[in-house]
Amino acid sequence: MNDKIKLLIVDDEVNFLNSIAQRLEMRDFDVTRASNGNEAIQSVNNDKFDIALLDLKMPGMDGKQVLEILKREHKYIEVIILTGHGSLESAVECTKLGAFGYLPKPYELDKLLDILKDAYETRMKKKFEKDDQRLEQLMKIATGGSALSILREMRKLDDEEK
Amino acid sequence: MAKSKGEDSGVFAGNIIRDKHFKDIRRKHAFRLALTYILPFIFLIIFFQYEYNLLLSEGQSLHMKATSENQSNILGLYLRERVVNLLNLIDDPNFNFPPSSDDLEKYLKKLKLDSDAFIDIGFFDTSGIQVAYFGPMSILKSKDYSKEPWYINLQKLERRYIITDIYLGLRNKPHFTIAVNKIVNGKYYVIKSSLDPKKIYDFMTGSEQVGDIYISIVNRKGQYQLVSTDRGKVLDKSPIIPKIESKIGVNKTEVNGKVVDFAYSWLDEVDWAVIVSRKFLEGNYLGLHSSLIIISVIILFILIIMIIFRANKIAQMQIEKDIAKSQLEHASKLASVGELAGGIAHEINNPLAIIASEVGLIKDKMDPKFGMNSSPEDLEPHLEHIYEAVFRCRDITRKLLSFVRQDGIELRQHDTNDIINDLIDGFFEREFSVSNIEIVRRLKKNIPSITTDSNQFKQVLLNIINNAADAITPPGKIIISTTFDGEHIIISISDTGKGIKEEDIGKIFMPFFTTKEVGKGTGLGLSVSYGIIKNLGGNIEVESIYRKGTTFTIKLPLFINR
């Protein structure tokens, strides 16, 4: 099992995207790049990510829409907003929509690394909680009923997990 | 390419675009409504007119038929009465067989009392010889009539009477004969009388209102028996020949190239038909009922007025929908000069973020901690990116500066029309003459001077006129007009360009909003203009009809209240 943090970065400025991605890769992040909303959604559908760094002003699907979709369909991803278009209103809105954090551009690397760490910890905590829950469910299933009912219950769990 | 300069006109440039659009819609709808209502109405009128005419001619035909029947009945009755007169004579017990001339004279007098049509009277013995006669043709006495057709027919018919057709006979005057017979002691006797057809015709035509119809009587062969002298002579062939198969009927025939309707009715007593035909009235008969025409014209008139009103109303409603007015509240919040700074900040933040990121990356690559041992070639691309980002920032600030003067506002008195004329004569006239865009000036004369900064004001005009030109696919027009409403100078710039969509019109004053493709426009022009005008104490409004044109209206007070 890979212990690198899986990170998705979404930004339409190609140079910015590449430079920040390289810097984080050098710091042992497993980085996937996406330059617009559609690419971002495709990536999260194909793979599991721990954190996403999301720009707000993008052509086509803008950052807020992507944030909504992520929080709706991939709840375990923590999203950090990284944007040049900073305002108090927008920060409050994104937090309401479920963003973990909000950083302005240009960023300071230390602050970015801090918030990434916090986000990851939160993510892990949630994962463990979920794993505990699942263990309990499995225990319940294993101790009850016939072989067939066990299989049925396991199948149900699997479906929920998706 | 003709241009008009400085006309004094009260009509507003903005309204021209709106008015033309209004008139277009109104015309279209009026046409549609006319098609829907007036066309069917006209068809209906024509249909009713046709039906009415049919009805009319039917009525007239019936009338003629009735008249002909009536007349034939009258004539039949008349003839029967004359027959009865003769029968009464011969059946009278005092009748002498054979009568003498004096007897006949007496008898004729009696007959003439019954009717003045009787001309003479004759008595025939069993061998058909007229043995006694009284009347104008005494030469007929003793003539043998046994071979005459009427005598033979009378015997053949086994009837007591016979009426002959009209003939000329020896007298060469038309007359006809009624003969009756009687068998006395096995012996066959006949008396006959000649009758004057003219008396009968007078009797008939005098008995009915025959103002607009002709009456004539013909025999089987179509020869006139009775006819008015201005139409023909007795025994001439009538141009109208009735059918023999039916006793009564209505028909048409052609006389002298004109179609004539006629009715006929055959008599029972003799093979004659009464023919009734309509007098042809020259020219009058168009078949148009006058009151129907008056009513239709009135109704048509009302319809047209209603259509015009309705088309007006529809056009009005359509116009309200089409005109997109700018949402001033939203635009003003964003487009004041202070808010402009926020928009600029964001635009600059992106290149700055690139610079910071690339610098950080270079540092990382040079950091022994990461052990990348980067060569200068590895670092080269990052320096390139930084360089690009720096100049991106420079471009943004430069474009902004090119629109906004750094050296504050200079207030002086100016004549608005002069400013506009200077601008156009010095600058646009040249430009637009090449591109086939007509500039029309409608500058109201003698509007008061305004205290303002002419450079900034010119910038705004330049920006809006350039936008107008960009929106037009030539050929097109830009109309600039000025007026004064008592408090403000009002400048209106209208174009016949492609207009602004409703969803965009609220955003046009927003900084960096542009519908032009990348590189063609910064999206700063209108927001800066808006800011300038607001600073000068005035207001900008916009009205647009998508695909038809746009009008910008600038209002400036005579004096700025700071």
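Details
- Cα-Cα over 25 Å, subset of A:K4/A:K125; B:K147/B:K173; A:K6/A:K156; B:K221/B:K258; B:K28/B:K501; B:K109/B:K156: A:K6/A:K156; B:K109/B:K156
- Principal semi-axes of the equivalent ellipsoid, √(5λ) from the alpha carbon gyration tensor of chain A, are 34, 16, 15 Å from largest down.
- Spatial extent of the protein assembly as shown: Rg and Dmax, with the Cα atoms as the point set, Å: 58.2, 178
- Chain B: relative contact order in percent, alpha carbon pairs under 8 Å with at least 6 residues between: 16
- Within-12-Å neighbourhood charge of B:M372 [Cβ basis; K, R +1; D, E -1]: 0
- Rounded to whole Hz, the Karplus (6.51, -1.76, 1.60) HN-Hα couplings of segment A:7-19, x for glycine and proline: 10, 10, 10, 10, 7, 8, 7, 4, 4, 5, 4, 5, 5
- With a 10 Å cut-off around each Cβ of A:12-18, the average count of Cβ atoms from other chains is 6.
- Neighbour counting of Cβ atoms within 10 Å sorts the residues B:E320, A:E108, B:E269, fewest neighbours leading, into B:E320, A:E108, B:E269.
- The mean sequence separation of alpha-carbon pairs under 8 Å and at least six residues apart, normalised by the residue count of segment B:225-276, gives a relative contact order of 25 percent.
- Under 5 Å from the amide H of B:G249 lie the amide H atoms of B:Y264, each residue being 5 or more positions distant or on a separate chain, with H modelled from the backbone and absent for Pro and chain starts.
- Using the Cβ-Cβ distance between B:F512 and A:Q133 with R0 set to 51 Å, the FRET efficiency works out to roughly 0.55.
- Partners for B:K112 among lysines (Cα-Cα distance below 18 Å; same-chain residues under 8 apart left out): B:K192, B:K198, B:K199
- For B:I121, net neighbour charge (Lys/Arg +1, Asp/Glu -1) across residues whose Cβ lies under 13 Å away: +2
- The C-alpha atoms of chain A define a longest principal axis, and helix A:109-143 lies at about 10 degrees to it.
- Nonlocal amide H pairs with A:T83, under 5 Å, H built at 1.01 Å: A:L103, A:K105
- Length-normalised contact order of segment A:1-127 in % [C-alpha pairs under 8 Å, at least 6 apart]: 22
- Rg and Dmax of segment B:36-85, Cα atoms only, in Å: 21.5, 73
- Total formal charge among the other residues, if their Cβ is under 15 angstrom from that of B:N251, Lys/Arg +1 and Asp/Glu -1: +1
- Efficiency of FRET between B:E158 and B:D261 - r from beta-carbon atoms, R0 45 angstrom, step 0.05: 0.70
- Spin-label model, B:F41 to A:E89: label points 7 Å out along the Cα-to-beta-carbon direction sit 5.6 nm apart.
- Counting only DSSP H runs of at least 4 residues, each contributing -39500 (n - 2.57), and dividing by the residue count of chain B, the helix-based mean residue ellipticity at 222 nm comes to -15000 deg cm²/dmol.
- Under the simplified labelling scheme, the B:D102-B:K252 pair shows an inter-label distance of 6.6 nm, with each label point 7 Å from Cα along Cα→Cβ.
- At R0 = 35 Å, FRET efficiency that the Cβ-Cβ distance of B:D24 and B:F301 yields, to 0.05: 0.85
- Shape class of segment B:475-553 from the Cα gyration tensor (axes a ≥ b ≥ c, square roots of the eigenvalues): oblate, since a/c reaches 1.5 or more and a/b does not exceed b/c.
- Filtered GluC sites (Glu not before Pro), segment B:455-562: DSSP coil and at most 12 other beta carbons within 10 Å: B:E487, B:E503, B:E517
- Which listed pairs, of B:K182/B:K243; A:K71/B:K516; B:K445/B:K534, have C-alpha distances above 29 Å, in listed order: B:K182/B:K243; A:K71/B:K516
- For B:K507, a cut-off of 16 angstrom between C-alpha atoms picks up these aspartates and glutamates, skipping any fewer than 8 places away in its own chain: B:E329, B:E339, B:E541, B:E543.
- An ellipsoid equivalent to chain B, defined through the eigenvalues of its Cα gyration tensor, has semi-axes of 120, 26, 17 Å when rounded to whole angstrom and sorted largest first.
Coordinate-derived values only; no laboratory data. No experiment lies behind these values; they were computed from the predicted model shown. With ideal geometry, Cβ positions are generated from the backbone for all residues, glycine too; neighbour counts draw on all protein chains shown.
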